[in-house]
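Chemist: This is the structure, below, for whatever I ask next.
The values are calculated or read from the model by the stated rules, or taken from the named source; none is laboratory data. The shown structure was predicted, so the numbers you read here are calculated from the model rather than taken from an experiment. Here the Cβ positions follow ideal geometry from the backbone for every residue, glycine too, while neighbour counts run over all protein chains shown. Heavy atoms of the whole protein, side chains included, go into the accessibility calculation; ligands, DNA and RNA do not. Shrake-Rupley method; radii C 1.70, N 1.55, O 1.52, S 1.80 Å.
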Amino acid sequence: MSAISPIVIIVGTNRPNSMSRRVAEYYQKLLAQSNTSSTILDLVDLPHDFTFTALYGNSGKNDAFNTLKSHIDGAEKFIFITPEYNGSYPGVLKAFIDGLPYPNSFTNKKAALVGLSSNMQGAITALSHLNDIFSYLGMNTLALRVKLAQIQSHFVDNEITNPLYKELLEIQAEQIIRF
């Protein structure tokens, strides 16, 4: 029997120093408290030209993209930390997903979704759009989608300060571990 692969936490934006990255690091600490290994895949590490050098006819030809892709290949579980951009999730996340082998990259794998926003909705539409894509790709997502509205007001010194947000993330972390 093979060892359990780490859960891959995907930072769903390529914005440098993003709030999504900070929440991903917080989530990684939650998983560590449950003795669950994880790794962070940050889209800030994508090659700047990957939509031209790693997709379609160039699939497999960009070493930097292939390194990020390798985290997807070996994983069975994912946590997507996704900000809301213009009423959906960031286009760079869609381009990254489009660059992965279809349909097997996410088929029969499992994911938890966390949405961040500066507005009052907590990226609810972004998470719905992302869930639709994963359903199409055959990935199973947890029913509990954590929506962190007005995140800047509830994240101080690398900690979630809103007790409800903390509780929801803890519940979701336990669910993805057992999923």
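Chemist: Work out the length of the dipole vector of segment 7-178 about its Cα centre, built from +1 on the beta-carbon of each Lys and Arg and -1 on the beta-carbon of each Asp and Glu, and round it to the nearest 20 debye.
Modeler: Here the size comes out at about 200 debye.
Chemist: May I pose another question? What whole-number distance in Å separates the alpha-carbon centres of segment 108-179 and segment 34-77?
Modeler: 21 Å
Chemist: Can you give the accessible area of Arg145, probe radius 1.4 Å, in Å² rounded to 10?
Modeler: 70 Å²
Chemist: To continue, here is another question. Compute the orientation-averaged projected area for the chain from the convex hull of its Cα atoms and round it to one decimal in nm².
Modeler: One quarter of the hull surface, i.e. the mean projection, equals 10.1 nm².
Chemist: I would also like to ask the following. Work out the FRET efficiency for Ala143 and Asn35 from their Cβ-Cβ distance, taking R0 = 25 Å, and round it to the nearest 0.05.
Modeler: My answer for the efficiency is 0.55.
Chemist: Expected output is a single nm value to one decimal: the length gained when fully extending between Phe52 and Ile124, i.e. 0.36 nm times separation in residues minus the C-alpha distance. What is it?
Modeler: Separation in residues times 0.36 nm, less the Cα-Cα distance, equals 22.9 nm.
Chemist: Here's a follow-up. Take each of the peptides 128-138, 150-160, average the number of other beta-carbon atoms within 10 Å over its residues, and list them starting from the highest.
Modeler: Taking the mean over residues of other Cβ atoms within 10 Å, the ranking is 128-138, 150-160.
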